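Each remark here refers to the structure printed beneath this line.
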Amino acid sequence: MLVALTDPIDPAGEAVLREAGHEVALAPPGGLDALLARAEAVVVRRQLPDDLCARAPRLLAAVRQGLAWT
């Protein structure tokens, strides 16, 4: 499963994902849409657009990491 990261996460958390057999990719600047088009999961640290499902047709899970945004 491809797990897209909107921002870097703690290396230990990334290691857990990789050890579970997942591919982990950090979105490059301006490249979130291209990554979301391929991702089955996304770990977010920011608010995502309302049309996330249209941008990520393969998405099975979206997980917020960190504190809530306002």
Review point. With respect to the numbered conditions (1) more than 13 Å from R58 (Cβ to Cβ); (2) of a type in the set (D, E, K, R); (3) in contact (Cβ under 8 Å) with a residue 24 or more places away in the chain, which one is the sole condition not fulfilled by E14?
Key: (3)
Revision key, fill the gap. Restricting attention to the stretch 48-65, the residues that are assigned to a loop (DSSP other than H, G, I, E, B), surrounded by 12 or more Cβ atoms within 10 Å (Cβ to Cβ) and out of contact with any Leu (no Cβ under 6 Å at 6 or more places or on another chain) number exactly 4
**Study point:** Scan of the stretch 15-70 for residues that are in contact with a helix residue (DSSP H, G or I) (Cβ under 7 Å, 6 or more places away or on another chain) and among the basic types (K, R), ordered by number
**Key:** R55
Review point. Is it true that some residue in the stretch 38-56 is under 14 Å from L2 (Cβ atoms), at pLDDT 90 or above and out of contact with any strand residue (DSSP E or B) (no Cβ under 8 Å at 6 or more places or on another chain)?
Key: no
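Take P8 and tell me if it is open to solvent by less than 50 Å² (accessible area, probe 1.4 Å), part of a loop (DSSP other than H, G, I, E, B) and either polar (S, T, N, Q) or on the phi < 0 side of the Ramachandran plot (or both).
Details: open to solvent by less than 50 Å² (accessible area, probe 1.4 Å): no; part of a loop (DSSP other than H, G, I, E, B): yes; either polar (S, T, N, Q) or on the phi < 0 side of the Ramachandran plot (or both): yes.
Judged against the criteria, P8 is not a match.
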Practice item. Return the residue satisfying two criteria in turn: it lies in the stretch 19-47 and is assigned to a strand (DSSP E or B) and among the aliphatic types (A, V, I, L, M), and of such residues it is most open to solvent (accessible area, probe 1.4 Å). Key: L26
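The values are calculated or read from the model by the stated rules, or taken from the named source; none is laboratory data. Here the structure is a predicted model, which is why all the values come from computation and not from measurement. A quick note on method: Cβ atoms are made from the backbone with ideal geometry, for glycine too, and the neighbour counts reach across all protein chains shown. Accessible surface is based on the protein model in full, side chains and every heavy atom, while ligands, DNA and RNA are left aside. Shrake-Rupley method; radii C 1.70, N 1.55, O 1.52, S 1.80 Å.
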